[in-house]
Amino acid sequence: MTVTRIWPSRPPGIAYGGDFNPEQWPEETLDEDLRLMAEAGVSFVSLAIFSWALLEPEPGRYEFAWLDRVIDAMAGAGIAVDLATATASPPPWWSRAHPDSLPVLADGTTLWWGSRQAFCPSSPDYRRSATALAAALAEHYRNHPALSMWHVHNEYGCHNAACYCDTSAASFRVWLRSRYDDLDRLNHAWGTTFWSQRYGEWDEILPPRSTGTWRNPGQQLDWARFCSDELLACYRAEREVLRRVTPDVPVTTNFMSLFEPLDYRAWAAEVDVVSNDHYVRLDMVDPADDLSLAGDLMRSLAGGPWWLMEHSTSAVNWQPLNRAKAPGEMIRNSLTHVARGADAIGFFQWRASRAGAEKYHSGMVPHAGTDTKVWREVVQLGAHLRALAEVAGSSVDAEVALAWTWPAWWGAELGAHPSVHLDAAGHLRAWHAALRRRAVTADVVSPLDGLAPYRLVVAPHLYLLTDEEAAALTAYVEGGGTLLATFFSGIVDERDHIRLGGYPGALRDLLGVRMEEFFPLLPGETVGLSDGRTGRIWSELGRTEGAEVRATFASGPVAGSPALTRHAVGAGHAWYLATRLDGADLDALVGDLVARCGVRRTAEVAEGVEVVRRRGPDGTWLFAINHTAEEQAVAASGLELLTGRPVDGRVTVAPGAVAVVRERGGG
Ligand code: GLA
């Protein structure tokens with residue numbers, strides 16, 4: 001039987017909605033929900049995310065009547081359903097029946113039920129129960145017209161990214177056997193001759209549980225790989241069941257932005273739609289920077305448009321202090337995601353809860369009702385997204401790439417390193433923010449993703465590099481590209497073994513430098529460079545071997561050593577930065593690099609105005625986001641879609657507002 005679904009393929013226009021948990025409310029609330037969803041222009045809801053206890057109240061007995069009623073109502077209203085498999089939170093009966101499946105911390109502490117995600121990712125019982133529930137849902141709803149996407153689980157690894165129990169230990173050994181085949185190879189990879197760690201039998205190997213001092217770095221690195229793979233196996237098990245029953249329905253699971261435990265590059269290859277959750281936090285230096293980076297990362301992982309599955313209309317409830325969003329902030333956040341490639345905007349959650357751990361988290365319908373700032377903005381955002389329908393499916397212009405891999409991140413964060421102040425993700429953020437301030441959009445890619453289209457590639461702390469990745473970076477430069485690598489890149493191979501002969505090991509020949517010793521700086525300590533800039537965090541001793549010196553360290557124990565170098569290789573150039581630059585110094589270097597590489601700014605804009613261009617087969621759209629408190633003008637001609645007004649030469653953007661111009665003649 002062929003089913004006619006509400007979305008036969010992808011959503012028409014930008015999808016709009018969020019997590020809908022009607023089970024938290026009396027039945028009659030549904031009528032009001034439907035009326036309000038129509039008013040806001042909601043086109044999708046994510047259903048049943050935490051409904052396992054209601055869907056399977058007792059082992060093997062499924063109850064769908066309550067959900068049937070909701071899904072039928074959605075179909076009647078023309079609202080597409082992103083149906084969850086409901087496996088993120090096993091009910092108490094399940095945990096009680098499977099006490100060996102509770103997650104265990106590195107120190108042996110058991111995490112009990114009474115919250116959510118209380119399961120061990122390696123538990124065969126969990127895998128069996130979760131896939132059975134997914135199968136039951138798929139069979140029951142396979143022909144439902146509202147079923148438009150599967151939402152597997154929810155935020156894998158949010159609270160149980162690693163479990164150190166005996167079941168996990170056994171799974172880790174299976175994983176290691178398939179990676180190394182024999183114990184000698186594992187012993188060599190982990191460098192176990194050091195500290196008498198040699199393993200004589202597989203059963204001696206444990207997860208990296210709490211120890212007296214440093215744990216083996218090779219073991220920790222493989223453990224990080226294993227933990228990501230193990231949750232991915234949980235996802236795949238559910239996805240296979242769903243694909244068998246409903247091969248026409250796309251499958252997603254929601255990511256969590258720049259989340260260290262999961263290698264989302266591997267995960268992205270397994271989903272039909274990349275979807276992401278992003279929350280701004282009060283402790284972020286600039287929340288808009290973080291949001292933009294998350295968007296660029298998701299677009300790069302997806303290789304095109306992606307879904308913003310969740311963010312908040314206003315306050316969250318999980319920080320020490322949770323402040324409501326300022327007027328206009330939610331719309332600005334939402335449209336920035338769209339600017340960076342999102343084709344859907346969703347929220348956690350439709351109605352702010354009255355009870356439970358998240359009752360102080362904002363929703364689309366706030367506690368105070370609809371005569372509120374939040375509701376008016378929710379309705380306004382719906383109108384904006386309808387006005388932007390034509391943008392859906394388009395790509396985003398990016399001539400620069402930031403090279404970033406999870407294994408390099410995991411490696412950089414291992415302990416017993418020269419300095420605890422490196423902060424690989426912070427370094428990525430700093431470079432992304434400097435490019436963004438320059439009105440330059442960047443993709444976030446692996447060296448193996450195909451670098452040739454980019455005019456400039458920046459590798460911030462690409463600490464761990466495989467031979468293949470190093471070769472790809474070299475080929476990129478030889479072919480005419482420009483690469484800038486920062487210190488503590490290329491230092492180790494995939495086993496976390498130092499690449500000998502001088503730093504930065506794998507990139508030494510490409511960069512034309514040979515470094516000998518590290519001289520990290522104290523917090524607040526700086527070192528002057530010969531070009532007047534100021535280095536922070538790091539300095540190092542060494543010399544060039546073929547590269548041209550653009551700046552040296554001017555003082556201190558490494559005075560005279562190269563700080564910034566440039567090496568002509570083939571048709572391109574490889575730059576090396578041996579310290580950290582911030583603020584105006586970093587901005588000036590970024591300005592110099594992008595000018596040399598012919599990278600075009602998206603538009604000439606004042607500080608605090610973010611501009612991004614989306615490009616479709618028939619045209620371009622310029623998004624201008626005004627983060628300042630003054631009105632700003634941006635050069636553009638065409639039709640401003642949010643107001644429907646033509647613009648000729650320049651568009652004015654009110655303080656805190658966004659303009660989207662369908663450009664005449666392309667950008
Ligand atoms: C995540 C989860 C939601 C909710 C929100 C709160 O995104 O997926 O269930 O807990 O966080 O911000």
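Suppose each label sits 7 Å from its Cα in the direction of the beta carbon; what would the Arg354-Gln380 distance come out to in nanometres?
Using points 7 Å along Cα→Cβ, the separation is 2.9 nm.
Enumerate cysteines in the chain without a disulfide-compatible partner, where compatibility requires another Cys Cβ under 4.7 angstrom.
So, Cys158, Cys165, Cys227, Cys234, Cys597.
Over the Cα atoms of region 609-663, what radius of gyration and what Dmax do you get, in Å?
For region 609-663, the Cα-based Rg and Dmax read 10.5, 35 Å.
Mind giving me the nanometre distance, one decimal, between the label points for Ala654 and Leu639, set 7 Å out from Cα along Cα→Cβ?
According to this spin-label approximation, the distance is 2.2 nm.
Between Arg243 and Leu30, what length comes free when the chain is fully extended (0.36 nm per residue of separation minus the Cα-Cα distance, one decimal in nm)?
Difference between extended and current length: 73.6 nm.
For the full complex of protein chains and a 1.4 angstrom probe, list Thr252, Thr167 by accessible area with the highest value first.
Largest accessible area first, the list is Thr167, Thr252.
Quick check: residue separation of Asn143 and Arg128 times 0.36 nm, minus the Cα distance between them. What number comes out in nm?
Result for the pair: 3.0 nm of gain on full extension.
With a 1.4 Å probe and every protein chain left in place, work out the accessible area per residue of the chain in Å², rounded to a whole number.
Heavy-atom SASA per residue in the chain reads 39 Å².
On a full-extension model of 0.36 nm per residue, what is the gain between Arg61 and Asp371, subtracting their alpha-carbon distance, rounded to one decimal in nm?
107.4 nm
Averaging sequence separations of C-alpha pairs under 8 Å and six or more residues apart, then dividing by the length of region 609-663, give the relative contact order as a whole percent.
Rounded, it is 38 percent for region 609-663.
Would you tell me the accessible area of Ile6, worked out with a 1.4 angstrom probe on the heavy atoms of the protein chains, in Å² to the nearest 10?
50
Mind checking region 134-191 for trypsin sites (Lys or Arg not before Pro) that DSSP puts in a loop (not H, G, I, E or B) and that have at most 14 other Cβ atoms within 10 Å?
none
Just to verify a number: FRET efficiency for Phe194 and Asp397, C-beta to C-beta distance, R0 = 60 Å, to 0.05?
Between Phe194 and Asp397 the formula returns 0.75.
Give the separation of the Cα centroids, region 104-120 to region 575-635, in Å.
45
Sort out for me the Cα centre separation of region 343-403 from region 503-528, rounded to whole Å.
Cα centroid of region 343-403 versus Cα centroid of region 503-528: 44 Å apart.
What is the set of long-range amide H partners of Ser446 at a cut-off below 5 Å, with H atoms built 1.01 Å from backbone N?
Correct list: Trp404.
Modelled label-to-label distance, Arg177 and Thr534, 7 Å Cα→beta-carbon offset: nm?
With each label point 7 Å from Cα toward Cβ, the separation is 5.8 nm.
How do Lys373, Lys325 stack up against each other in accessible area, from largest to smallest, with a 1.4 angstrom probe?
Descending order: Lys373, Lys325.
What is the antiparallel percent of DSSP beta bridges lying wholly in the chain, to the nearest 5?
55
At what distance in angstrom do the alpha carbon centres of region 170-192 and region 214-274 lie from each other?
The distance from the Cα centre of region 170-192 to that of region 214-274 comes to 21 Å.
With every protein chain left in place and a probe of 1.4 Å, what is the accessible surface of Tyr279, to the nearest 10 Å²?
Its heavy atoms expose roughly 40 Å² to the probe.
Using Cα-Cα distances under 8 Å and only pairs 6 or more residues apart, what relative contact order does region 518-667 have, in percent?
In percent, rounded to a whole number, it is 14.
Can you list the residues of region 359-395 with backbone N under 15 Å from a point 7 Å past the Cα of Asn317, pointing along Cα to Cβ?
Zone members listed by number: 359-368.
Which Rg and Dmax, in Å, describe the Cα atoms of the chain?
Over the chain's Cα set, Rg and Dmax evaluate to 25.9, 77 Å.
At a threshold of 8 angstrom on Cα-Cα distance, excluding pairs fewer than six apart, so keeping six or more, what relative contact order does the chain reach in percent?
After rounding, I find 10 percent.
On the accessible surface of the chain, probed at 1.4 Å, how many percent belong to carbon and sulfur atoms?
Answer for the chain is 51 percent, counting heavy atoms of protein chains only.
About the Cα centre of region 609-663, what is the dipole size in debye to 20, counting +1 per Lys and Arg Cβ and -1 per Asp and Glu Cβ, all else neutral?
180
Quick one: if the Förster radius is 45 Å, what FRET efficiency do Thr109 and Leu448 give, using the C-beta to C-beta distance and rounding to 0.05?
It comes out at approximately 0.70.
Calculate, in whole percent, how much of the Cα-Cα pair population of region 400-597 lies beyond 30 Å.
When every Cα pair of region 400-597 is considered, 10 percent fall beyond 30 Å.
The values are calculated or read from the model by the stated rules, or taken from the named source; none is laboratory data. Since the structure is predicted, the reported quantities are computational estimates derived from the model, not experimental observations. A quick note on method: Cβ atoms are made from the backbone with ideal geometry, for glycine too, and the neighbour counts reach across all protein chains shown. What goes into the accessible areas is simple: the full protein's heavy atoms, side chains included, and nothing from ligands, DNA or RNA. Shrake-Rupley method; radii C 1.70, N 1.55, O 1.52, S 1.80 Å.
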